[in-house]
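Asks: First the structure, which I've put down as structure tokens, then a few questions once you've had a look.
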Amino acid sequence: MLYLILICLVALLIMGPSWWVKHTMDKYSEPANRYSFTGGQLARNLLDQASLQHVGVEVTELGDHYDPLTKTVRLLRDKFHSRSLTAITVAAHEVGHALQDQAGYAPLALRTRLVQWAAPAEKLGAGILMLAPVIMGLSRSPAAGLLFAMGGMLTLGSAALVHALTLPMELNASFARALPCLERGCYLMDGDMPHARRLLSAAAWTYVAASLMTLLNMARWLAILRR
């Protein structure tokens with residue numbers, strides 16, 4: 001019974017943040033025409049006000065983010081074109097990263113280097129995990145397969161570690177950069193500020209939540225290899 005409770009608690013800790021982020025984003029995605037401007041338009045306006053005309057704003061399929069290498073704020077299609085509170089708030093959060101870049105915010109530069117290192121490591125880890133059962137079968141050595149699996153786990157876990165370490169930077173983008181911009185410009189409708197704060201928290205936790213799900217995926221692979 002205690003073992004079952006422990007499993008449930010671990011599952012809640014891993015899946016809870018992801019569920020909360022998705023629930024919060026979805027909740028304020030309607031109505032989609034709440035504002036007179038879109039997320040893409042707000043991002044462009046905030047960047048221009050900050051004298052960041054050289055920073056681009058474009059649609060992406062790879063998740064909302066700011067790319068400090070190409071100086072581009074990228075928003076998913078549903079954020080770029082939507083006029084919902086979610087779209088407006090997420091756009092402001094990503095502009096917050098551009099403001100960090102403008103100010104030479106050291107944690108952003110560190111995060112950029114870490115992500116550049118972790119991204120190929122994560123792909124390598126996934127490849128290693130896929131090959132582990134084959135290696136075990138060909139070598140008929142569980143130890144060799146386990147060693148392969150451990151290497152894969154370590155590389156996959158690197159992404160989770162990177163995002164966990166950079167959570168303070170995400171919170172800074174939300175509450176020290178984006179929120180003041182929204183307040184100064186009086187962009188939000190009356191009564192929307194408390195909801196925007198929740199959305200800014202969710203935006204900051206997005207990568208951490210995704211990384212926790214990566215840990216769950218790692219556990220699934222480990223269970224497969226133990227069979």
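Asks: In the range 183-199, which residues are more than 10 Å from residue 21 (Cα to Cα) and among the hydrophobic types (A, V, I, L, M, F, W, C)? Write out each step before concluding.
Replies: The initial filter retains those residues of the range 183-199 that are more than 10 Å from residue 21 (Cα to Cα), namely 183-197.
186, 188, 189, 193, 196, listed by residue number.
Asks: Which one of 156, 110 is at pLDDT below 70, under 17 Å from residue 207 (Cβ atoms) and not basic (Lys, Arg)?
Replies: 156
Asks: With the requirement that a residue be surrounded by 17 or more Cβ atoms within 10 Å (Cβ to Cβ) and in a helix (DSSP H, G or I), what does the range 27-48 give you?
Replies: Within the range 27-48, 39, 40, 41, 42, 43, 44, 45, 46, 47 meet the criteria.
Asks: Oh, and also: Please find, within the range 63-78, the residue that is surrounded by the fewest Cβ atoms within 10 Å (Cβ to Cβ) out of those that are at negative phi and not in a strand (DSSP E or B).
Replies: Checked the range 63-78; the qualifying residue surrounded by the fewest Cβ atoms within 10 Å (Cβ to Cβ) is 69.
Asks: Can you name every residue in the range 49-62 that is among the β-branched types (Val, Ile, Thr), under 20 Å from residue 181 (Cα atoms) and part of a strand (DSSP E or B)? Walk me through how you get there before you give the answer.
Replies: To start, the set of residues in the range 49-62 that are among the β-branched types (Val, Ile, Thr) comprises 55, 57, 59-60.
Checking the rest, the ones that are also under 20 Å from residue 181 (Cα atoms) come to 55, 57.
Across the range 49-62, the qualifying residue is only 57.
The values are calculated or read from the model by the stated rules, or taken from the named source; none is laboratory data. In this text the structure is predicted, and so the values were computed from the model without any measurement. So basically every Cβ, Gly included, is an ideal-geometry build from the backbone, and we count neighbours across all protein chains shown.
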